[in-house]
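Below is one structure, written out as structure tokens; the observations come after it.
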Amino acid sequence: MNYRHAFHAGNHADVLKHSLLLALVASLKRKPSPIFVLDTHAGRGAYNLSGDEATRSGEALAGVNRLQAASPKSVVLREYLKALADFDPQASMRRYPGSPCLLQMALGTDDRMACCELHPEEAAVLKASLGRDPRIAVHQRDGYEAIRALLPPSQGRGLVLIDPPYEAREAEFDRALAALDQVLSRWSTACIAVWYPIKDRAVVRRFLRAASALPAKSAWDASLMVRADSSVLRMNGSGMLVLNPPWQLDETFQPALIELATLLGEGGAGRGELTWLRLDGRRVEA
Ligand SMILES: C[S@@+](CC[C@H](N)C(=O)[O-])C[C@H]1O[C@@H](n2cnc3c(N)ncnc32)[C@H](O)[C@@H]1O
């Protein structure tokens, strides 16, 4: 477990993932009944963009900082920037919220969330980042195993975010697929979002093909490329596969994706695509 998200916080992948995450929660919150959120790979919750790790990688400069310097038109991106400003009221552009802190801000009084983080130091920082919040439980444990322990929740509606580090490359795609299947078998109506890096196209194609055999009601995939597919060693883009997406969110998110491709793409090579999966309803072997 060498992965530390502090090196990557606020990069183009975080911008895609976090803007979509907020849009997902906002859609779910349109109905009045409480929701449950499970963040299986939560990270440390808050990041310092002027810290050693972030400045060494410089990834936020080509990601969230570029968006902050622009005035995006899409509602989704404006809401995302508003959440960042609420998290960093001094407008220092240094404090960046990870998924648990963004979700914490978006939850209502009766909503509940469980966050899992396996790394002990990251989990300790996560607890401090979230503070004492009776709506939220932080577990220092394997997020994949937590699916069996924590689902289904008593709230009928909600979201599972699966955001693994992909250190094990292809094997992590397989684990994510097995996790998707397990979530659906325990909580068939859950909206599930899984983030994945785009390095090797063949791996991504296999992943999406296998995902289309999952027993979800519907699914779409949102991908953001910031460079052309040149090398399989570099993350040229990333995607979020959303199973059981909220109604019409595809229409709301599409303009954000196109705008992100323009703003974050290198040398005009950015590309944002939202594609519906043709589900065939067969189960995936876990
Ligand atoms: C990509 S980062 C998460 C970033 C976070 N979701 C966000 O958006 O701010 C992945 C995290 O998963 C943790 N991790 C790795 N394997 C795990 C596992 N099996 N269960 C839970 N956490 C794990 C890593 O320590 C790392 O902090």
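Readers should treat all values here as calculations from the given coordinates under stated rules, not as data from a laboratory. Values in this document were obtained by computation on a predicted structure and should not be read as measured data. Every residue, glycine as well, gets a Cβ built from its backbone with ideal geometry; the counts of neighbours run over all protein chains shown.
Count neighbours as other Cβ atoms within 10 Å of each site's Cβ, and list the GluC sites (Glu not before Pro) in region 192-286 that are DSSP loop with at most 12 such neighbours.
Sparse-neighbourhood loop GluC sites (Glu not before Pro): Glu285.
Using Cα pairs closer than 8 Å and at least 6 residues apart in sequence, work out the relative contact order for the chain, in percent. Before the final figure, lay out each step's value.
Numbers: 566 pairs, mean separation 62.6, N = 286.
The value is 22 percent.
Counting only pairs 8 or more places apart or on different chains, how many lysine pairs in the chain have C-alpha atoms closer than 23 Å?
13
Farthest toward the dipole's positive end in region 148-216, which of Gly158, Gln182, Ala213, given Cβ charges of +1 (Lys, Arg) and -1 (Asp, Glu) about the Cα centre?
Working it through, the farthest residue towards the positive pole turns out to be Ala213.
Cα centroid distance between region 29-44 and region 246-270, in Å?
The distance from the Cα centre of region 29-44 to that of region 246-270 comes to 23 Å.
Show me the ranking of peptides 178-186, 234-242 by mean Cβ neighbours inside 10 Å, starting with the highest.
Highest-to-lowest ranking by the protection proxy: 234-242, 178-186.
Only loop residues by DSSP count here, and only those with at most 14 other Cβ atoms within 10 Å; note down the chymotrypsin sites (Phe, Trp or Tyr not before Pro) in region 195-286 that meet that.
Within region 195-286, the qualifying chymotrypsin sites (Phe, Trp or Tyr not before Pro) (loop, at most 14 other Cβ atoms within 10 Å) are Trp247.
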